[in-house]
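Step one of this worksheet: look at the structure below.
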Amino acid sequence: MSLPLYAAAQELINELSCPVHANAGLWYNKFCNRWEDRGRQWTLNAEDKRRNDKGNHDTRKTSWIKSVTGKPCGDSAQLQENLERYITLVKLCGGDVRVYRTSSRFVTGLGNEHPVENGFTWHHILGTPYLLGSSVKGVLRDWVENWLDDIKNENRNGIVNKYFGSQKNAKAAGDLIVFDALPVKPVKLETEIMTPHYGEYYQDTDSNKPPADWYSPVPIPYLTVAENQLFVFGLAPRMGKTIDLQQVFSWLDLALETMGAGAKTASGYGCFQAESSFKLPVVQQRPKSQNMEGAFIVQPMSAIRKEMEDDGYANPNLNIFMNALTVKWLDKMESNDTSEVDRKETAHLLADWYRHNKPGDWEKPKPKNKNYVKVQRIKEVLSEN
């Protein structure tokens, strides 16, 4: 089938599989060219005879699905960069991330429109499968509402409303932010088959046809994510709210392991298990320059920054790090046992913390303010040659 594309693109689209560097989601959703013209009817149900393999009995539907299987889906470098940005975003919101591994096949977006009948949810930039944050939040809410045993029923509604919002008030979103679940590495895709036995009964809803044994089963192919693929999930409190993230992650562990997420969970699809062996990149945020306030770059976290993080550097509760700053970091910054490089880095990090969390105390410190002396000590180290 000829398509209105440039010659080079026309050659690529005539290939039997998605080009290596192409966005698989864009390819799969927009460039299906396995149609067969049967007069007034275009179909994908016919056998695909374009291959030289005489033993091939794939329909054109199956042939198109297989165009994105058999090779990793997603660009490694892009996924690594996206993972670092993802962690940075969640951390800046006061949240945390956790990696999960698919313990069964996973599929999402079957209800999306597509020529092969069953759609698929693709990330529009990464070109990979992903799970919407709203879907993850729905799984969590269902788990807490119906399956969680470690809270009393009289407290259940209060917890549900606090974390997930009230169904009676559409504007009450709850204190929990749930981010999209994204792959951390290129994922493997596979073809699966469902075989409904009562197709005519399901399709002809206006007739009195019974779901009888004389109907012929019709195999329907669809696309899935294979087992043992890694996805990152992120949770954070809404601004100004306090939640127990570790408790929510424990709920998420159980919900994903037992209920699953995505489509066909009743058939065992969409189960995940927490993956503790995957080493997440450690990132930190710093302004690119003094003239680009609020613009951040991602870089490996130093030992000093890592120690500050452990002391609550990014914690929304400012009192936690303020205490560590007072009793530990100012003295460490000025100690003769601290190298010049570490002194400067410590001072820069403390200055960044003040600029972000207490800009007034940093820019216009007042002598009577309790932070005045601390700010002056930091500025003195920064001014050293």
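Of the residues making up the range 319-339, those that are among the hydrophobic types (A, V, I, L, M, F, W, C) and either assigned to a loop (DSSP other than H, G, I, E, B) or surrounded by 13 or more Cβ atoms within 10 Å (Cβ to Cβ) (or both) are I320, F321, M322, A324, L325, W329, L330, M333. Among the residues of the range 209-239, those that are farther than 18 Å from F179 by Cα and small (G, A, S) comprise A212, S216, A226. In the set R377, R355, only one residue is charged (D, E, K, R), at pLDDT 90 or above and either assigned to a loop (DSSP other than H, G, I, E, B) or not assigned by TED's automatic domain parsing to the domain that holds A236 (or both); that residue is R377.
Filter the range 206-225 down to the residues that are over 18 Å from E47 (Cα atoms) and touching a residue at least 24 places away in the same chain (Cβ under 8 Å) and list them by number. If the condition is that a residue be over 18 Å from E47 (Cα atoms) and touching a residue at least 24 places away in the same chain (Cβ under 8 Å), then L223, T224, V225 are the ones that fit.
Matching residues to (1) at pLDDT 85 or above; (2) assigned by TED's automatic domain parsing to the domain that holds Y201; (3) surrounded by fewer than 19 Cβ atoms within 10 Å (Cβ to Cβ):
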{"site": "S216", "(1), (2), (3)": "no, yes, yes"}
{"site": "G234", "(1), (2), (3)": "yes, yes, no"}
{"site": "G240", "(1), (2), (3)": "no, yes, yes"}
{"site": "A255", "(1), (2), (3)": "yes, yes, no"}
{"site": "Q290", "(1), (2), (3)": "no, no, yes"}
{"site": "Q299", "(1), (2), (3)": "no, no, yes"}
{"site": "R305", "(1), (2), (3)": "yes, no, no"}
{"site": "M308", "(1), (2), (3)": "yes, no, no"}
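Find all pairs meeting these conditions: Cβ atoms under 8 angstrom apart; at least six residues apart or on different chains; first residue within the range 299-328 and in contact (Cβ under 8 Å) with a residue 24 or more places away in the chain and closer than 18 Å to K374 by Cα; second residue surrounded by 14 or more Cβ atoms within 10 Å (Cβ to Cβ) and among the acidic types (D, E). Close Cβ pairs (under 8 Å, with a partner that is surrounded by 14 or more Cβ atoms within 10 Å (Cβ to Cβ) and among the acidic types (D, E)) amount to F321/D311. Just the residues that are farther than 29 Å from T128 by Cβ and assigned to a loop (DSSP other than H, G, I, E, B), please, taken from the range 23-44. Within the range 23-44, G39, R40 meet the criteria. Only residues that are surrounded by 12 or more Cβ atoms within 10 Å (Cβ to Cβ) and at pLDDT below 75 were counted across the range 146-200, and they come to 4. One residue alone among Y269, Y198 is over 29 Å from P129 (Cα atoms) and in contact with a Phe, Trp or Tyr (Cβ under 7 Å, 6 or more places away or on another chain), and that residue is Y198.
With respect to the stated conditions, S135 is under 13 Å from the mean Cα position of the chain (by Cα) and not assigned by TED's automatic domain parsing to the domain that holds N29. Among the criteria (1) more than 24 Å from D96 (Cβ to Cβ); (2) hydrophobic (A, V, I, L, M, F, W, C); (3) outside any helix (DSSP H, G or I), the one A314 does not fulfil is (1).
The values are calculated or read from the model by the stated rules, or taken from the named source; none is laboratory data. Everything quoted here is computed from the prediction, not taken from an experiment. Here Cβ is always computed from backbone atoms with ideal geometry, including for glycine, and neighbour counts include all displayed protein chains.
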